[in-house]
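Read the structure below first, then the notes.
The values are calculated or read from the model by the stated rules, or taken from the named source; none is laboratory data. Note that the coordinates shown come from a computational prediction; the quantities given were computed from them, not determined experimentally. Virtual Cβ from ideal backbone geometry, glycine too; neighbours counted across all protein chains shown. Side chains are part of the model used for accessible areas, which takes the heavy atoms of the whole protein and leaves out ligands, DNA and RNA. Shrake-Rupley method; radii C 1.70, N 1.55, O 1.52, S 1.80 Å.
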Amino acid sequence: MEKFGKSQSAKRVEDVRFLTGAGRYVDDIAPANALFAYYFRSPIAHGVITELDVSDARDADGVEAVLTCADLEAAGMNVAMAGALVDNRDGTKGAATMRPMLAQDRLRYVGEPIALIVAETLAQARDAAELIVLDYDELPAKMDLVAGGETLHDSAADNVAFDWGMGDEAATNAAFDAAAHVVSLDVGDNRVIVNSLEPRGCYAHWGDGRLHVAINGQGVWVPKNAMVAAFGVGADDVHVTNPDTGGGFGMKAMGYPEPFSVAQAARQLGRPVRWMSERTEAMLSDNGGRDLTSTAELAFDENHKITAYRVHSHVNLGAYNSQFGQPIQTTLFSRVLMGVYDVQTTWLQVNGYFTNTVQVDAYRGAGRPEAIYVLERVMDRAARELGIDPWELRQINFIKPDQFPYLAATGETYDVGDFPMLLNRAAEIADRDGFEARKAADAKQGLLRGQGLCYYIESILGDPSESARVEFNDDGTVHIFVGTQSNGQGHETVYAKFLSDQTGIPVDQIFVIQGDSDLIKQGGGTGGSRSVTVQNTATLATVSTMIDAFTAFLADEMGVPAAEISFDDERFRADGSNLTPTMLEVADMARQKGRDDLLVHEERTTLPARSFPNGAHVTEVVVDPDTGVVTTDRYFVIDDFGNLINPMLAEGQVHGGVVQGIGQAVTEHVVYDEDGQLLTATFMDYALPRAEDVPNINFTSVPVPSTANIMGMKGCGEAGTVGALAAVANAVQDALWERGVRQADMPFTPHKVWELLKDGRIAAE
């Protein structure tokens, strides 16, 4: 590991900037003369627009413009947002819905943007919105996940977006027919709101016929391509920047309608225009997460070995299937069948349904949480029904270390792993043997204690390619240009420290440049746990190229053949020469010789295969049966992330992910009424986890280095959430089992748990 990184914890350098109020968030850096934008949004879930009169709003004090979809079309814009299609199982195309940038003729969810008001002040824009006249014929809101109901799109018969499947259905069914045991469980995965600390926002301005849009997303290149398509301009005519971003969680990687109309308003008015979402506005209009129901089944032979896995899921896709990039539905559910178990045959069917309550995505944390949650919940149920210890059941079915590389039924090849070893470490670290004593002590107090286990596996998703460019500046500083985008993960620290480790350049002289489509022509953005592994692989290749170029240059300067010059991560050395220059000194020598070509180095690399982070989450909860209150009391994470670049930041990522998972499992839940109105649209009604809801989280790294990249890394972005959902849910189910509760689904709010216990008591009588 010494060659590729010191694997030492380093404090985040960007935190000084953030904690002293010097962050460069999009709302902080909008031009001082920018006009303010405010959106008039749909008050209903479904209806046909019969009248939209914005004339009074246009005449209001301070108002500079009011834009509708008709205005965007009149300006020559392509108002259809980019869409992603999913093929049906029978080979036909899934629904191709057209999502306009502003509502056009029809309203399809509460909060859909209808008109943009631009004024000198935000208060003036908000007041003008009250003057807009909107009449409509209201239609029934579709709130269930079954085919049929009021049609939302003509292209989506019965509101079915797609019927997608994978695997060998015939072989799977045959395995179930021959199984000694079959275990089935209906698994609900409740909807959550992402609630990034910084809501979505942007500003735009035009100069010399060129558009600049600043966003707070997870990359600049997809939005840039979307702007090019919307305005029909050349790629060189669009500049997209992404400054500091206060949280993304995948939600900000998606395409949204607001930046297009903000950009058109700036073009029309010849002044910058800025927009920032308010919190309730974000809760209404941001892509939500989860919201699916699954029936999962496992087939076992007489030795408790899994022979097949079958799952049918119904997914809430929201009002449209348009988003940028690969459809998350495919990514999400192809990962459902990923597991650490040696399953011979698998089959999956996903029925996607449109509802008009939210936007397109069933997404939070890059998809794997939904997948692992389904698999680990049915594994827990299987252990109970088969009368076998849940830890032993997993050990029986693990892919064994000598089976790697292992070709899974999904077509994925797992490179390495030692799942039995990690689970044994988990039992030791979490003091599994002491659980019964803790349970007995709680029972004396009238409390119920349960233990939950989840063994997860995920993979690095997204673009496997990335570039890194290193530039030596006249002032002695070094810039590294990266194609990923930090949303708070600490990229500036990790990338600068990694480059410093490989080159000896002092870390305080290295500055990370990101989020600028003019400075960085290509990049994959951030998402799917790809950033550190993919980006540092590119950096390593760039450093290698840089060493070769500097070595060739030094051959003349040092008077020795290039083959005799070595670099020891700090200095170049050669026998017979008294010169031992550092990287910075070589760059300065090259500058003095007029060799500007040696001051910029860039390489682009592509990972040959995915890597697969995995590990065990063990938690214990305490339930008060009198009140239904669930307390997460103990939490242990034993992770195989491969080799770590900065262990402290990896642990921080895990802590944040676990808290997110605990939040969904215990407190968070999106509630709509029968008309599609969001009832949990403020923090008075939507319960994010608080510090008192979270125990100390014990993190242990047990690396089994990956062979899929030269550094042996595996990624860790979503690992905390991936394991937390099932671990907490299994623990609650364990606590309630002895009281007769056989089906416990998130969220485990006090009222819900109290009702479950009451129903279990009645069933037992």
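Basic side chains Lys and Arg get +1 at the Cβ, acidic Asp and Glu get -1 at the Cβ, and with that the dipole of the chain about its Cα centre reaches some 840 debye. Equivalent-ellipsoid semi-axes for segment 674-751 (Cα gyration tensor, √(5λ), whole Å, largest first): 33, 20, 14. Extending 7 Å from Cα along the Cβ direction at ILE710 and again at ALA174 yields two label points whose distance is 4.6 nm. Each DSSP beta bridge with both residues in the chain is either parallel or antiparallel, and the antiparallel ones are about 80%. For segment 540-623, the list of chymotrypsin sites (Phe, Trp or Tyr not before Pro) that fall in a loop by DSSP and count at most 14 other C-beta atoms within 10 angstrom is empty. Specify whether the C-alpha gyration tensor of the chain places it in the rounded, prolate or oblate class, a ≥ b ≥ c being the square roots of the eigenvalues: rounded for a/c under 1.5, otherwise prolate if a/b is larger than b/c and oblate if not. It comes out oblate by the Cα gyration axes. Sequence-ordered 3J(HN,Hα) estimates for segment 68-74 from the Karplus curve with 6.51, -1.76 and 1.60 and θ = phi - 60° stand at 10, 4, 4, 5, 5, 5, 4 Hz, glycine and proline given as x. Extension gain for the segment ALA80 to LYS521, taken as residue separation times 0.36 nm less the Cα-Cα distance, is 156.2 nm to one decimal. Taking a ≥ b ≥ c as the square roots of the eigenvalues of the Cα gyration tensor, an a/c ratio of 1.5 or more together with a/b larger than b/c marks segment 513-651 as prolate. Dimensions of segment 722-765 based on its C-alpha atoms, expressed as ranges along the principal axes with the largest first, amount to 37, 19, 12 Å.
Dividing the Cα radius of gyration of segment 381-466 by its Kirkwood radius returns 1.10 for Rg/Rh. Dividing the alpha-carbon radius of gyration of segment 479-548 by the rule-of-thumb value 2.2 N^0.38 Å gives 1.05. An oblate overall shape is assigned to segment 72-114, the ratio a/c of its alpha-carbon gyration tensor axes (a ≥ b ≥ c) being 1.5 or greater and a/b not exceeding b/c. Residue ranges 187-194, 412-419 sort as 187-194, 412-419 when ordered by packing (mean number of other C-beta atoms within 10 Å per residue, highest first). For segment 407-421, the Karplus equation 6.51 cos²θ - 1.76 cosθ + 1.60, evaluated at θ = phi - 60°, returns couplings of 8, 6, 5, 7, x, 6, 10, 7, 7, 8, x, 9, 5, x, 5 Hz by residue, with Gly and Pro reported as x.
Placing unit charges on the Cβ atoms of the charged side chains and taking the dipole of the chain about its Cα centre, the candidate lying farthest along the positive direction among ALA128, VAL623, GLY462 is VAL623.
Extension gain for SER155-ASP208 works out to 15.0 nm (0.36 nm per residue, less the C-alpha to C-alpha distance).
Roughly how far apart, in whole Å, are the Cα centres of segment 472-492 and segment 553-616? Each part reduced to its Cα centre gives a spacing of 19 Å. FRET efficiency for the pair ILE388 and ASN473, taken as 1/(1 + (r/R0)^6) with r the Cβ-Cβ distance and R0 = 45 Å, rounds to 0.10. Temperature 4 °C, viscosity 1.567 mPa s: under these conditions the Stokes-Einstein estimate for segment 239-284, based on its Kirkwood radius over C-alpha pairs, is 104 µm² per second. Using the Cβ-Cβ distance between ASP59 and ASP135 with R0 set to 22 Å, the FRET efficiency works out to roughly 0.65. Between ASP568 and VAL146, the FRET efficiency from the beta-carbon distance, with R0 = 60 Å, is close to 0.35. Working note: Cα gyration tensor of segment 1-138, eigenvalues times five, square-rooted, sorted largest first, giving semi-axes of 38, 29, 13 Å.
Each of ASP90 and ALA440 was given a label point 7 Å from its Cα along the Cα-to-Cβ line. The distance between the two points is 6.1 nm. Once backbone amide H atoms are built at 1.01 Å from N, ASP633 has GLU620, VAL621, VAL622 as its partners under 5 Å, excluding neighbours fewer than 5 places away on the same chain.
The mean accessible area for residues of segment 631-677, using a 1.4 Å probe and ignoring ligands and nucleic acids, is 29 Å² per residue. The label-point distance for ARG279 and ARG126, in a model that sets each label 7 Å from Cα toward Cβ, rounds to 1.4 nm. Couplings 3J(HN,Hα) for segment 30-36, derived from phi with the Karplus relation 6.51 cos²θ - 1.76 cosθ + 1.60 (θ = phi - 60°), are 4, x, 4, 8, 6, 7, 9 Hz, where x marks Gly and Pro. Over the chain, DSSP H runs of length four or greater, each weighted -39,500 (n - 2.57), average out per residue to a 222 nm ellipticity of -9000 deg cm²/dmol.
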